[in-house]
Structure formats: C-alpha cells, structure tokens
Amino acid sequence: MRLHDYAPRPAHLKWLLDSDPAIRWQVMRDLTGEAPDAIAAERSRVATEGWGAQLLAAQSPAGNWGGPKLFSFRPDLPEEDRGLLFTLYTLVVLKDLGLDPASEQARTTIDRVDRRLVFKRLNNRPFLHGETEPCINGRILAIGSYFKEPNDVLARQLLDEQLEDGGWNCESKSRRSSFHTTICVLEGLLEYERAGRKSAAVSKARRRAEDYLLERRMFRSLRTGEVIDKRWLRFSFPTFWHYDVLRGLDYLREAGTEPDSRVRDAVEIVVKRRHQNGRWPLNLLHPERIPLEMETDVGRANHWNTLRSLRVLLWHNNSAR
C-alpha cells in the first residue's frame, strides 16, 4: 500500500524551475524526467551562474575558502583547522549543487585543493588524503571520488573503523555509532563506488550501515523506540555534518535502496513538514557556514528542502506500485 499518493503540482515545479541552475537541473532529472541532453545543458550552467559560480569565485589562489565569517566560526579550533573545515563544507556544497566534475571550472578548483592544501598538524598530509576522524574522512572521500579520483587507502581506513553495530563514530573511544558520522561515511562510500570502486567489501559495509539507520526507523532509539534527537525532525540545507531524517532518506533514495516498512515513520515526518502551499520550509540553520548566503531565512519556503522532499516521496511511492 502506498503511504502517500503525492506528485508535484505544476505550480510547485514552476517555483522550483524559476530558481538557481543547481535546483533546475535536479528538478529536470528527478521530478520531470527531461531528456539527458537538456539536463546536461542546464547542469553546465552551475559553473557559470548563480550559487555555483559564486562559490567558485570565492576560492583563493591558495586553494581554500575563507573570509570574515571564518574568524567567528568554531573559535575553539586553531585558525588553520577552521579554514580547512570551511573549505570542506564549501566543496561538499559544490558537489551537492551538482557542479559537473568534468567542467574546466571544477578541474581548476579541485587541482588547487589537491596541490596546495595540507593538514599541517598531520605532517603536511594532503587534504584529499584525509585526516583522523571518520565524519570528516567520509566527506573527503566523497569529494575526492566525485571531483578527482577515489582514494583506496582512505576507503579501507573507513571500512576498518566500522563499529560492531554497523555505523561509525568520530569519538574514537566509543563503541556505539553516531547517526551524524554514519551518514557522512555512507555518502562517501557511495561516491567511492560510483567512481568505479564497487566491491563486495564496500557494498557489505554500506548495507550494514544502512541497516543501522533502518533498524532505528531513521530516528528512534533501538532500545526505547523514542525519538533520539528532535532536531533530526527539522530540515536544513546545507547539512554540514548534521544528520536529519530528510538527509537520511535522500541518501537511501540516491543509493537505490528499496524502501520498506522501516522508513514509514520517517516518510510521515517529511509529509508533516510540508506547508499548506505545498512547499517545505527551512526549519533550522546550523551554526556552520560557507562563503555564500543561500536561502537562510528560517520558516520560509526553501527550494532545497522542497526538491529533496518531493524526490524522497516519489522514491517511496514509486516503490509501492
């Protein structure tokens, strides 16, 4: 039985298509099923127009991103680490925008990162080789796999760090997984496989981690059934390192996972977050930043949350046909 018989209305699609190229090309791919050539043409505009072009233009010749906001971000960290996190989050958003990795702009951008950025505290380890925390390394694996080349050493490191319950945790002493870390690693391993590194070991690790989320109904305690963190029921974009129900469901959709009864409660949350006008608002704004103000008004209709929610609902409903 289908949980919700919901399809995007023409007014919803028009509102989405009147937005940034990064939104438009994904609407054309995921919601309206346009021809591949038309989708590719729209996607190519991400590098030269709107949000994508603004982020690309903000990169320094040294390969990083910074600016005034950097100095108020995570004051507990050394400036170097803040700068690398700022850069990490910006690269993740460029990937989320769908910047074509084959474009000249993307190649120039990632080559600067690859040649010039290092973790000084780790004996100048190149940025794309990763650092010590799996939550960060999952993101770096995704960035490298998408924009340049898959890092086999980093992928093996993440597989070795998978915990017995199926997920990952940035707290090295913890034996209990974190939703936040697990989703970051899952997204990284998916991009790694897409870059031509599909293997039985990686697929098995992803399935175990997906089951970790699904056994907990995407947001509930395995022991009590209670909501683990109510913030996970509120949606934001960019997500940075934060887990939420929409991010988890959109990952499952992207991975081609067949939805089952374990996602039912989570899909209900997505439906309940929709406003009467058929759009989804920005529910919260995380403290992390990128060098771009991109739909930051909490409570107002948000193109990213609407796009992601609609395609999650279509993924869920189409599986029940």
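The values are calculated or read from the model by the stated rules, or taken from the named source; none is laboratory data. Note that this is a predicted model, so its numbers are computed, not measured. Note that each Cβ is placed from the backbone with ideal geometry, even for glycine, and that neighbours are counted across all protein chains shown. When the accessible area is computed, the model is the full protein with side chains, heavy atoms only, and any ligands, DNA or RNA have been set aside. Shrake-Rupley method; radii C 1.70, N 1.55, O 1.52, S 1.80 Å.
Annotations
- Probe 1.4 Å, all protein chains present, accessible-area order of I136, I143, largest first: I136, I143
- Förster radius 30 Å - calculated FRET efficiency between D152 and R116, Cβ distance, rounded to 0.05: 0.85
- Which of N169, Q157, Y212, positive extreme of dipole for the range 144-224 (C-beta unit charges): Y212
- By accessible area, using a 1.4 Å probe on protein heavy atoms only, the chain has 47% of its surface on carbon and sulfur.
- Cβ-defined net charge surrounding I228, 9 Å radius [Lys, Arg +1; Asp, Glu -1]: +1
- Protein heavy-atom accessible surface, 1.4 Å probe, per residue over the chain: 46 Å².
- Cα-based Lys proximity count in the chain, under 23 Å, for pairs eight or more positions apart or on separate chains: 8
- Zone of A200's modelled label, taken as backbone nitrogen in the range 127-170 under 19 Å from a point 7 Å along Cα→Cβ: 156, 159-160
- Applying 1/(1 + (r/R0)^6) with R0 = 51 Å to the Cβ-Cβ distance of R175 and Q276 gives a FRET efficiency near 0.70.
- Shape call, the range 88-141: gyration tensor on alpha carbons, a/c limit 1.5: oblate
- Each Lys and Arg Cβ is given +1 and each Asp and Glu Cβ -1; about its Cα centre, the chain then shows a dipole of about 540 debye.
- Cβ-derived FRET efficiency at R0 45 Å, S221 paired with T48, nearest 0.05: 0.45
- Amide H contacts of V118: F127, each under 5 Å away and 5 or more positions distant or on a separate chain (H built 1.01 Å from N in the peptide plane; Pro and chain starts excluded).
- Extension gain, A40 to T108: 0.36 nm times the residue separation minus the Cα-Cα distance gives 22.5 nm.
- Rounded Å value of the spacing that divides the Cα centres of the range 121-173 and the range 204-243: 20 Å
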